[in-house]
2 protein chains.
Amino acid sequence: MERRQYLQIPGPTNVPDRILRSLSKPLINHRGPEFELLIEQCIAGLKKVFRTQNDILIFPSSGSGALESTIVNLLSPGDTIVAVSQGLFSERMAAIGEKFGIHVVRINKEWGEAVQIDEIKNLLMQDTEKKIRAVCLPQNETTSAITNDIEGVAKMMKESQHPALLVVDAISSLACLPLEMDGWGIDVVITASQKGLMLPPGLGIVALNDRAWKLVEQSTSPKWYWDYKAVQEKMKGGQFPYTPATTLLFGLKEALDILEEEGIEKIWERHGLMGKAVRKAVHAMGLTLFAEEEYASDTVTSIGMPDGIQYKELAGLLNKDYGVVIGGGLQQLQGKIFRIGHLGAVDQLDVYAVMGAVEMALYRLGYHVELGTAAKAVAKTFLKE
Amino acid sequence: MERRQYLQIPGPTNVPDRILRSLSKPLINHRGPEFELLIEQCIAGLKKVFRTQNDILIFPSSGSGALESTIVNLLSPGDTIVAVSQGLFSERMAAIGEKFGIHVVRINKEWGEAVQIDEIKNLLMQDTEKKIRAVCLPQNETTSAITNDIEGVAKMMKESQHPALLVVDAISSLACLPLEMDGWGIDVVITASQKGLMLPPGLGIVALNDRAWKLVEQSTSPKWYWDYKAVQEKMKGGQFPYTPATTLLFGLKEALDILEEEGIEKIWERHGLMGKAVRKAVHAMGLTLFAEEEYASDTVTSIGMPDGIQYKELAGLLNKDYGVVIGGGLQQLQGKIFRIGHLGAVDQLDVYAVMGAVEMALYRLGYHVELGTAAKAVAKTFLKE
């Protein structure tokens, strides 16, 4: 049957019908007044989500493209950065840096662990020559499902008086987890369309402040497509240096309207509640969280595979019989964990149904659990009992 | 009123309803079997359109991004290329090359002129040390609305036995104008989603042969997002190194089905007929073509602004009263020409209506023309009288 689909990977997320419909509007001229207004509205809406008055640039690209854009715009070959490496996606930032001749000082964390503020602080304090140009880390690492304390890192960096920029990959956290670009003093925030913004993939988005623009002025890395100055120059007039992804921008406008209607703080609260409900159900079913509990993400949960059950069997059953698509472990975590995304357009009954499906599937695969356990834990969380 | 829209710029083109609807399908997991099948079907369909058995890579990007990808994958800093510069978009290829440290030998043409095969041949013959790595030119330059003789250039290059690759920007010509990648022996063909493929913008597509892959192996230009080897490696397994633009790939599959139903040779014929009808109407109305008639494009027509009529008035009237969006002159051609795109999903009545609207708008702005002139010329072309 054509059943309701639950795309519960940590992004792309389920796209609300309102947004899906907005994607099929007839195309408009990307050099006309109608388009100019669309961009103006998108930027105004994004500023509310990023909590910033800074410039925001949009690229027809994936989120990884937006990460690459920060490397080639802020830095020059030979520059030094600190990059926290704690999973596939935070490691990507370090790897891109090295491809472009950047000297990357990694803070290597076990997958499942968050970065400690002192680890960054120590590197900055040792750097008496102030060679470190930027500290790069994700707010949320989906590989292991942990969240870093960005507010704390920002506070420490301000106090350290080290000139390094704070560059935050908020691809899987923006419009999900609390983030205050201006309030906390983050210099660069990177995101993409297919996570908290609830859009299909295809837009990379970068916000940057005046301190970051100063580095842009000095950068000698070769670039054309990602050139912030060229994009900024055109975007001021509501245009782009090359053809933008028009239909995704229609979708972005719709998504921003939806976010505005709920209110960004309510959205953060909702994600907090959903994350808690998922974790309560995990514990109630006797399963184990893979990530440190204290830093467990509110956008995705990683769960250890119970003994004797294969990931492929679980994922196959969930997909085939319940329309639920979950994520597996990546690289060294393959077969060892499963991951449930709960970001974007996710509300109470979604979590209720998905955790119920996980319980039923595990039960059918021989896992010992009393039916109804997940539902009870989820309901109790929502009813605050 | 909510009237039918005619987006007659030289791309993005009007998107057929079938494709628009396919864009609003619910998202799927980009690492699952359903997605793998989608990619397999897209590549099989693209090969028929490119007329090639070579590898085809897809990027979440604009067409300009795909141009940049060829520069950083085929070349290394210090390499020499020949680039035909005959408008904004062919000049872009040269400009991107220079940003990445490539020595660009330009063949500068007046805007409105096609390149002569001998101009390229002479440069290759003078290059006794075989330093030229590639000859880059567009099949179709939309700035001035001319078409270069790619078949002739390919034949000459084969005969010259010079090892330079032939790199063709077919962004505004693929699936419109005849092009035989394998038959003519083109090494690299670049396109984008929003022209002959009738999709919204957001996909850059590159096809390359074994000769091109050999240069890729040698390239030392820094790259991560555009890295052909990394993309190729993942695409073999129906995946991408980063999140692909899933909904546009749904659209691509639908577009390729539509193209397959008509047949690529019929599509080339239809564009030939549409281009001819537009030019006949232009002449009949006493207007002048801006491009050399012999090389006038069958995807877009550039027309000199009649004395005493402002481009903005013409474009405004067409948009407001007829729902027709046309293109203006770019840079030094601003105000001097107007451009009508007739590529992608364009058939007889579209051309009939659009040229009728142009006639009525010009008439209202004081241009002397007998009403019905455009329609008569268009109809006679279609009825082959």
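The values are calculated or read from the model by the stated rules, or taken from the named source; none is laboratory data. Since we're looking at a predicted model, the values are computed, not measured. All Cβ positions, even for glycine, are placed from backbone atoms using ideal geometry, and neighbour counts span all protein chains on display. Just the protein is used for accessible areas: all its heavy atoms, side chains included, with ligands, DNA and RNA removed. Shrake-Rupley method; radii C 1.70, N 1.55, O 1.52, S 1.80 Å.
For the range A:356-374 versus the range A:302-353, the inter-centroid distance based on Cα atoms is 13 Å. Only Lys, Arg, Asp and Glu carry charge here, each on its Cβ (+1 for the first two, -1 for the last two); on that basis the protein assembly as shown has a dipole of about 440 debye about its Cα centre. May I ask you to derive the relative contact order of the range B:115-264, considering only C-alpha pairs under 8 Å and at least 6 residues apart, and to give it as an integer percent? Reported relative contact order: 17 percent.
Cross-link partners for residue A:376 among the lysines, with Cα-Cα distance under 21 Å and sequence neighbours closer than 8 places in the same chain left out: A:276, A:280, A:384.
Count the DSSP beta bridges whose two residues both fall in the range B:17-261, then state the antiparallel fraction as a percent rounded to the nearest 5.
Here the antiparallel bridges make up roughly 40 percent for the range B:17-261.
Contact with the other protein chains removes 50 Å² or more of accessible area, compared with the isolated chain and a 1.4 Å probe, from these residues of the range A:17-37: A:20, A:24, A:27, A:29. Per-residue packing, averaged as other Cβ atoms within 10 Å, sorts the ranges B:164-175, B:105-116 into the order B:164-175, B:105-116, beginning with the highest.
Charged neighbours of residue A:365, selected by a Cβ distance under 15 Å, balance to -1 (K, R count +1; D, E count -1).
Among B:274, B:360, B:181, the residue with the largest mean-square fluctuation in a Gaussian network model of chain B, with springs joining Cα atoms closer than 10 Å, is B:360.
Counts of other chain beta carbons within 10 angstrom of each beta carbon in peptide B:196-202 average 6. With K and R counted +1 and D and E -1, the other residues having a Cβ less than 13 Å from that of residue A:24 yield a net charge of +2. So for the range A:17-261, taking the charge dipole from beta-carbon charges (+1 Lys/Arg, -1 Asp/Glu), which of A:175, A:197, A:101 sits furthest toward the positive end? The residue sitting most towards the positive pole is A:101. This model, with +1 at the C-beta of Lys and Arg and -1 at the C-beta of Asp and Glu, gives chain B a dipole about its Cα centre of some 580 debye.
Per-residue shielding of B:235-244, expressed as the average number of other chain Cβ atoms within 10 Å of the residue Cβ, stands at 4. Taking the protein heavy atoms of the range A:17-261 in the context of the full set of protein chains, the accessible area attributed to carbon and sulfur is 47 percent at 1.4 Å.
Residues in the range B:17-261 average 34 Å² of solvent-accessible surface per residue, probe 1.4 Å, ligands and nucleic acids excluded.
If packing is taken as the mean number of other Cβ atoms within 10 Å per residue, what is the order of A:324-331, A:205-212, B:211-218, highest first?
Top to bottom by mean Cβ count within 10 Å: A:205-212, A:324-331, B:211-218.
Here the relative contact order of chain A, from alpha carbon pairs under 8 Å that lie six or more residues apart, stands at 24 percent.
Measuring from centroid to centroid over Cα atoms, what is the spacing of the range A:249-298 and the range B:185-251 in Å? The range A:249-298 and the range B:185-251 have Cα centres spaced 34 Å from each other. From the alpha carbon centroid of the range B:13-32 to that of the range A:1-54 is 14 Å. Spin-label model, residue B:98 to residue B:292: label points 7 Å out along the Cα-to-beta-carbon direction sit 2.4 nm apart.
Buried surface for the B/A pair, taken as the accessible area of each chain alone minus that of the pair with a 1.4 Å probe, is close to 3600 Å² in total. Each of B:114, B:71, B:12 was scored by the projection of its Cα onto the charge dipole of the range B:1-121, and the greatest displacement toward the positive side belongs to B:12; charges sit on the C-beta of Lys, Arg, Asp and Glu.
Net charge of the neighbourhood of residue B:188, taken over other residues with C-beta under 11 Å away and scored Lys/Arg +1, Asp/Glu -1, is -2. For residue B:95, inter-copy separations between label points set 7 Å beyond Cα along the Cβ vector come to 3.3 nm, shortest first.
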